[in-house]
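Structure first, then comments.
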Amino acid sequence: HGEEFGYDGSIGPEYWGERYRECAGKHQSPININVLRVKQVTLPDLVLVGFDDSIDDVHVTNNGHTVLIEVKNEPHPRVRGGPLDGDYVFSQMHFHWGDNDTFGSEDKINHRSFPMELHMVFFKEEYGSAIEAVKHSDGLTVLAFFYELDRHQHPAYDDITLALVNVTEPHTSVVMSHPFSFLNILPYDLKRYFTYKGSLTTPPCSEVVIWLDFEQPIRLTHEQIEAFREIRSAHGKITHNFRPIQPIGDRVVFYNID
Ligand code: GRE
Ligand code: ZN
């Protein structure tokens, strides 16, 4: 049969572990972050390289599971510092959302869901590519951002929501009409974040991700989030594409503040 995995029925998250053994592992994502149980730390400054560059060649793709944003031209933005050992190079970013504005994020904070979540995925430079990096326990880092509702439109997201109209069908792609800077689509406060070790939240669920979940959400209007719910898979609109929370097990979540 067709799709490898989905979010409902017999190909839904409850069944991923049967076909993808790592999805049944003990250090899976997403998790609920209980703020009363985090360990407060002051890590070295996070260094975001190229995040304020104006990037021309930005591709927006509907891959049948999510909206993927990729950069074709070098150099790619990168990140180092914080909990990270070495440099991590930008690979792709994508989104997870829910049927309505009351849920849709993957990680939760004190059991609170957010309507959408952004994953900026980076691979460890020494491994050379994302494909090689997922073979190593420190292979990827994901900068994760929550969204919340605002009454005012976020102008930097208008170009993204406009592009979405042209990729409603699965396996379609467009080039963004205007240059794009990473910093413009992120929240103001990048100092406060939670960090823990987990996995990809989609099959094969490899346990190779150093997660950084930023505390300050990005604010979008209901209409801006609604544009993502128009994206289609082979089976119709992708109304939700978030994995349910997984056991935290023996893991500790760290909370970085100055
Ligand atoms: C995902 O597919 O959702 C994903 C990746 C890479 C890292 C984390 C993640 O593709 O959640
Ligand atoms: Zn993701």
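Along the charge dipole of the chain, which of I131, I31, S54 sits closest to the positive end, that is, farthest toward it, with unit charges on the beta carbon of Lys, Arg, Asp and Glu (+1, +1, -1, -1)?
I31
Note down the magnitude of the dipole of the chain about its Cα centre, charges +1 on Lys and Arg C-beta and -1 on Asp and Glu C-beta and zero elsewhere, to the nearest 20 debye.
Computed about the Cα centre, the dipole is about 740 debye.
About the Cα centre of the range 171-243, what is the dipole size in debye to 20, counting +1 per Lys and Arg Cβ and -1 per Asp and Glu Cβ, all else neutral?
Taking the Cα centre of the range 171-243 as origin, the dipole is about 100 debye.
Does the range 193-258 classify as rounded, prolate or oblate by the C-alpha gyration tensor (a ≥ b ≥ c root eigenvalues; a/c under 1.5 gives rounded; else a/b over b/c gives prolate, otherwise oblate)?
oblate
Report the equivalent ellipsoid semi-axes for the range 43-99 in whole Å, largest first, defined as the square roots of five times the eigenvalues of the gyration tensor built from alpha carbon atoms.
24, 16, 9
Take the cross-link list K108/K237; K135/K237; K108/K197 and give me the ones stretching past 21 Å between alpha-carbons.
Values: K108/K237 24 Å; K135/K237 33 Å; K108/K197 15 Å.
Cα-Cα > 21 Å for K108/K237; K135/K237; rest within.
Near H178, within a Cβ-to-Cβ distance under 10 Å, what is the net charge of the other residues, with Lys and Arg +1 and Asp and Glu -1?
-3
Give the residue from Q153, L183, T42 lying farthest towards the positive end of the charge dipole for the chain; charges sit on Cβ (+1 for Lys and Arg, -1 for Asp and Glu) and the dipole is referred to the Cα centre.
The listed residue farthest towards the positive side: T42.
Can you give me the pair-distance distribution of the chain, C-alpha pairs, 5 Å bins, whole percents?
Calculated P(r), rounded to whole percents: 1, 6, 13, 18, 21, 19, 14, 7, 1, 0, 0.
Starting from the range 118-200, pick out the trypsin sites (Lys or Arg not before Pro) whose DSSP state is loop and whose Cβ has at most 16 other Cβ atoms within 10 Å.
Values: sites: K124, K135, R151, K191, R192, K197; in loops: K135, R151, K191, R192.
Listed in order of number, the matching sites are K135, R151, K191, R192.
Counting other C-beta atoms within 10 Å, which of M116, M176 has the fewest, and how do the rest follow?
Values: M116 27, M176 17.
Least crowded to most crowded, the residues run M176, M116.
May I ask for the net charge around G86, where only other residues with Cβ less than 11 Å from the Cβ of G86 are counted and Lys, Arg are +1 while Asp, Glu are -1? List each step's numbers first, then the result.
Working: positive: R78, R80, K124; negative: D85, D87, E125, E126, D138.
For residues surrounding G86, the net value is -2.
Write down the radius of gyration of the range 21-64 and its Dmax, each obtained from C-alpha positions, in Å.
Cα radius of gyration and Dmax of the range 21-64 are 18.0, 43 Å respectively.
Looking at the chain, send over the antiparallel percent of its DSSP beta bridges, to the nearest 5.
Values: 47 of 60 bridges.
Bridges in the chain are about 80 percent antiparallel.
Roughly how many whole Å is it from the C-alpha centroid of the range 57-99 to that of the range 120-158?
Comparing the Cα centres of the range 57-99 and the range 120-158, I get a distance of 5 Å.
Going by amide H atoms built from the backbone, whose H comes under 5 Å of the H on V58, apart from near neighbours?
Counting only residues 5 or more places away or on other chains, the set is M176.
Run the helix sum for the chain: -39,500 (n - 2.57) per DSSP H stretch of 4+ residues, divided by residue count, reported at 222 nm to the nearest 500 deg cm²/dmol. Mind showing how you got there, number by number?
Details: 4 runs with 23 residues, N = 258.
Helix-only estimate at 222 nm: -2000 deg cm²/dmol.
Work out Dmax and Rg for the range 1-111 from the C-alpha atoms and quote the Rg first, both in angstrom.
Expressed in Å, the Cα Rg and Dmax of the range 1-111 come to 17.7, 49.
Read-outs: derived from the displayed coordinates by stated rules, not from any lab. The model shown is predicted, which means the values in this text are computed figures rather than measured ones. For neighbour counting, all protein chains shown are included, and Cβ atoms are generated from backbone atoms with ideal geometry for every residue, glycine included.
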